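Structure first, commentary second.
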Amino acid sequence: MLEYLFAQYENYPTFEIILEIIAVLFGLLSVWYAKKNNILVFPTGLISTMIYVYLLWKWSLLGDMIINGYYVIMSIYGWYHWTRKKENVIEFPIDKATITERNWSVFIFITSMIFVVLVYDYFDKFTSWTAYVDTLTTGIFFAGMWLMAKRKIENWILWIIGDIISVPLYFCKGYTFTSIQYIIFTIIAVYGYLEWKRILQRRNN
């Protein structure tokens, strides 16, 4: 069983395997801190995503690399956004997305998908079914990351959907550690949604 799961790594450089494991660990830490509504979601996420940008570039997975490059930018923005205060009170606490913000997330979803399609077409990367699924997950994760940076509870719904799709996607690509990471991401995202919902209800009451 273990041979089947990790056979893909037989010809991988040890350095890249170690980097992937480090990226997975910091990625899990980041999602855990997001669940706890803790600002450390962003520094831990930055470490994970920057490592993945490098690895995905090495592995020629352009769509995934674009997603993680975007995560780097949005993590910096989210870090700033979450720390903003007025008279020592958090300016942007957990909340539901407004109609305008939902429209923006739909716009981000569609435009990011179009962008990845253009990139994949230009580099002739539509050679496998995984490339087509990449365009979908890119749109989902782009919108989800934007909503998380805005501290909107709907971000968890998009993470759950995207994580579930990514589990078999990364396994088929040959990255078992990352696939396992997305299984754990899915579980934490469900609990994250429930915890943010409780925080929101307590505040409204």
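The values are calculated or read from the model by the stated rules, or taken from the named source; none is laboratory data. Since the structure is predicted, the reported quantities are computational estimates derived from the model, not experimental observations. Note that each Cβ is placed from the backbone with ideal geometry, even for glycine, and that neighbours are counted across all protein chains shown.
Suppose we keep only residues that are over 14 Å from MET65 (Cα atoms) and aromatic (Phe, Trp, Tyr) within the range 131-147. Which one would you say is surrounded by the most Cβ atoms within 10 Å (Cβ to Cβ)?
Residues of the range 131-147 that are over 14 Å from MET65 (Cα atoms), as a first pass: 132-133, 136, 140, 143-147.
Going one step further and asking which of them are aromatic (Phe, Trp, Tyr), we end up with 132, 146.
On the way: TYR132: 12, TRP146: 24.
Only one residue tops the list, namely TRP146.
Does the range 121-139 include one or more residues that are basic (Lys, Arg), part of a helix (DSSP H, G or I) and touching a residue at least 12 places away in the same chain (Cβ under 8 Å)?
no
Please work out if PHE123 is farther than 14 Å from ILE67 by Cβ and either at pLDDT below 95 or crowded, with 20+ Cβ neighbours inside 10 Å (or both). Break it down into steps so the answer makes sense when it comes.
Values: farther than 14 Å from ILE67 by Cβ: yes; either at pLDDT below 95 or crowded, with 20+ Cβ neighbours inside 10 Å (or both): yes.
Considered against the rule, which asks whether it is farther than 14 Å from ILE67 by Cβ and either at pLDDT below 95 or crowded, with 20+ Cβ neighbours inside 10 Å (or both), PHE123 comes out as yes.
Residues in the range 151-180 that are in contact with a Lys or Arg (Cβ under 9 Å, 6 or more places away or on another chain) and aromatic (Phe, Trp, Tyr): how many? Step through it out loud before you land on a result.
Start the filter on the range 151-180 by keeping residues that are in contact with a Lys or Arg (Cβ under 9 Å, 6 or more places away or on another chain), which leaves 152-154, 156, 179.
Checking which are aromatic (Phe, Trp, Tyr) leaves us with 156.
The number of residues fulfilling the criteria is 1.
Could you list, in sequence order, all residues of the range 83-98 that are in contact (Cβ under 8 Å) with a residue 60 or more places away in the chain and either in a strand (DSSP E or B) or among the basic types (Lys, Arg) (or both)?
Step one: of the range 83-98, the residues in contact (Cβ under 8 Å) with a residue 60 or more places away in the chain are 93-96.
Across the range 83-98, the qualifying residues are ASP95, LYS96.
If you check every pair at least six apart or on different chains, which have Cβ atoms under 8 Å apart with a residue in the range 2-23 that is modelled with pLDDT under 70 first and a residue that is in a helix (DSSP H, G or I) and surrounded by 10 or more Cβ atoms within 10 Å (Cβ to Cβ) second?
Taking only residues 6 or more apart or on different chains, the pairs are LEU5/THR176; PHE6/THR176; GLN8/THR176.
Just to be sure I understand, how many residues within the range 126-157 are charged (D, E, K, R), over 28 Å from ARG198 (Cα atoms) and modelled with pLDDT of 90 or more? Give the derivation first.
Taking the range 126-157 and keeping what is charged (D, E, K, R), we get 134, 150-152, 154.
Checking which are over 28 Å from ARG198 (Cα atoms) leaves us with 134.
Next, from what is left, pick out any that are modelled with pLDDT of 90 or more: none.
Qualifying residue count for the region: 0.
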